[in-house]
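Beneath this line is the structure, given in structure tokens, with notes to follow.
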Amino acid sequence: MSKILFNLSILFSQPTGISNYAKNLFPYLKTLKPTLLTAQNYPDFNCYPIPNNLTPAQGTKGHFDRLVWTQFQLPKIYKNLKSQLIFSPVPEAPLSANCRYIVMVHDLIPLRFPKLLSPLTHFSRYYVPQVLAQAQHIICNSHATAKDIIDFYQIRASKITPIPLAYDANHFRPLYLENGGQDAHPTTVSPYFLYIGRQDSYKNLHRLITAFAALSNNLSNNKDYELWLAGPQDKRFTPNLQTQVEELGITDKVKFLNYVPYSELPKIICGAIALVFPSLWEGFGFPVLEAMACGTPVITSNLSSLPEVAGDAAVLINPYSVEEITEAMRTIATDSALRQQLSTQSISRASQFSWEKTGLATVEVLSRYL
């Protein structure tokens with residue numbers, strides 16, 4: 001008999017926001033003595049083996065196979081193990097199968113920025129509302145996401161608990177302090193602004209590039225700045241961004257870094273003059289929190305969950321205003337006192353988030369339904 005099943009069918013080796021969340025969370029669930037539904041082995045837990053081809057690593061087929069497994073195999077496992085509850089780190093669960101479950105919702109981006117031919121849009125429009133309607137309870141990662149769940153799906157607020165996410169404090173930290181340097185962001189290359197994330201249109205990189213192109217006309221210190229875009233290139237979006245960079249005549253100043261390994265992220269974050277993250281919407285915003293933990297000043301949007309994460313430790317801008325993005329970069333570039341102030345405030349702000357807090361708050365919710 002296993003009271004609670006933790007469904008880890010979505011996990012695979014390459015770190016994503018969802019797998020990052022799940023891996024950091026389940027150590028804190030030990031007190032509930034869960035059974036992990038997983039294709040990997042975790043020695044400290046009771047594990048129930050499941051197929052290893054149900055993840056995003058298998059592309060659309062992996063997603064489809066996981067949904068089929070969720071509907072037809074997961075209820076059998078639930079019944080055989082005499083379980084009382086399933087917890088899923090994504091809004092996926094068996095429908096109309098007499099399974100009690102709690103799910104996590106990370107964002108409703110596919111509904112905020114719908115794409116007619118995207119499977120994710122149809123998934124969010126037709127499957128997710130049924131999952132949420134039948135759930136015992138819903139956990140989400142921010143008050144902004146909670147409001148979206150209420151507005152898009154007409155779910156009552158009392159059924160939703162926002163629990164902020166966190167970061168790896170051993171990995172993302174102010175490396176410059178350990179080197180004993182006075183300069184918060186020493187670098188042997190040209191000073192650079194940094195963006196981390198995918199290149200989807202809602203990430204707003206076209207406005208960021210336009211804003212950066214205008215920066216040289218707004219500077220009084222005559223320094224040459226660069227813009228580094230870290231994140232996997234995407235044939236749907238990257239070529240248009242590269243064409244834009246060429247047309248603006250700034251190919252020597254904008255670097256498309258492609259996917260940066262997790263181990264290398266702290267180094268490039270600590271070396272940046274600022275993280276610029278002008279996304280039009282985020283469920284949480286890991287890059288903002290990780291940059292703040294490194295003591296790197298942050299420029300980010302005044303929309304969605306991003307003010308919840310940044311608090312008063314970042315420069316908040318209207319992401320639809322190119323002029324505001326340019327002005328924020330100009331201010332960061334020319335005001336060393338502000339950079340130092342933001343660096344100090346960022347480290348303090350980031351310290352308020354921890355996976356222990358996230359884990360214990362999640363256990364408290366799950367315990368109510370056991």
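Where a number appears in this text, it was derived from the coordinates with a stated rule and is not lab data. Predicted model only: the values in this text are computed from it and were never measured. Glycine also receives a Cβ, built like all others from the backbone with ideal geometry; neighbour counts cover every protein chain displayed.
For segment 277-370, applying the loop criterion from DSSP together with a ceiling of 12 other beta carbons within 10 Å to the trypsin sites (Lys or Arg not before Pro) yields ARG368. Here, segment 175-350 yields an orientationally averaged convex hull projection of 9.3 nm² when only Cα atoms define the hull. Entry note, segment 175-350: relative contact order of 25 percent, from Cα contacts under 8 Å with a spacing of 6+ residues. Computed from backbone phi with θ = phi - 60° and the Karplus coefficients 6.51, -1.76 and 1.60, the 3J(HN,Hα) list for segment 317-330 is 10, 6, x, 7, 9, 4, 4, 5, 5, 4, 5, 5, 5, 4 Hz; x is used for glycine and proline. Applying the Karplus relation 6.51 cos²θ - 1.76 cosθ + 1.60 with θ = phi - 60° to segment 254-266 yields 3J(HN,Hα) values of 10, 10, 8, 7, 6, 5, 9, x, 3, 5, 8, 4, x Hz, where x marks Gly and Pro.
Here's how it looks for TYR48: its modeled amide H is under 5 Å from those of LEU36, LEU37, THR38, which are all 5 or more places away or on a different chain. Scanning residues 5 or more positions from ILE86 or on other chains, those with amide H under 5 Å from its amide H are LEU5, ARG100, TYR101, ILE102, with H placed 1.01 Å from N in the peptide plane. In this structure, PHE72 and SER351 have a Cβ-Cβ separation that, at R0 = 51 Å, corresponds to a calculated FRET efficiency of about 0.70. Extending 7 Å from Cα along the Cβ direction at LEU257 and again at HIS143 yields two label points whose distance is 3.2 nm. Spin-label model, ALA39/ARG156: points 7 Å from Cα along the beta carbon direction are separated by 4.0 nm. Could you line up SER158, SER19, SER343, SER354 from fewest to most neighbouring Cβ atoms inside 10 Å? Least to most surrounded, the residues fall as SER158, SER354, SER19, SER343.
Only one residue of LEU81, LEU25, ILE347 has its Cα farthest out toward the positive end of the dipole of the chain, where Lys and Arg carry +1 and Asp and Glu -1 on Cβ, and that residue is LEU81. Using every Cα-Cα pair within segment 1-57, state what percent have a distance larger than 15 Å. Of all Cα-Cα distances in segment 1-57, 46 percent exceed 15 Å.
Length gained on full extension, TYR320 to LYS267: 16.1 nm, using 0.36 nm per residue less the C-alpha separation. Near TYR192, the amide H atoms lying under 5 Å from its own belong to GLU226, ILE273; only residues 5 or more places off or on other chains count, and H is placed 1.01 Å from N. Taken one residue at a time, the phi angles of segment 241-249 give Karplus couplings (6.51, -1.76, 1.60, θ = phi - 60°) of 5, 5, 5, 4, 4, 5, 5, 7, x Hz. Gly and Pro are set to x. Note on THR334 and SER201: with the Förster distance fixed at 30 Å, the Cβ-Cβ geometry gives a FRET efficiency of about 0.45.
Between helix 59-72 and the chain there is an angle of about 30 degrees, using the helix long axis and the longest principal axis of the Cα atoms.
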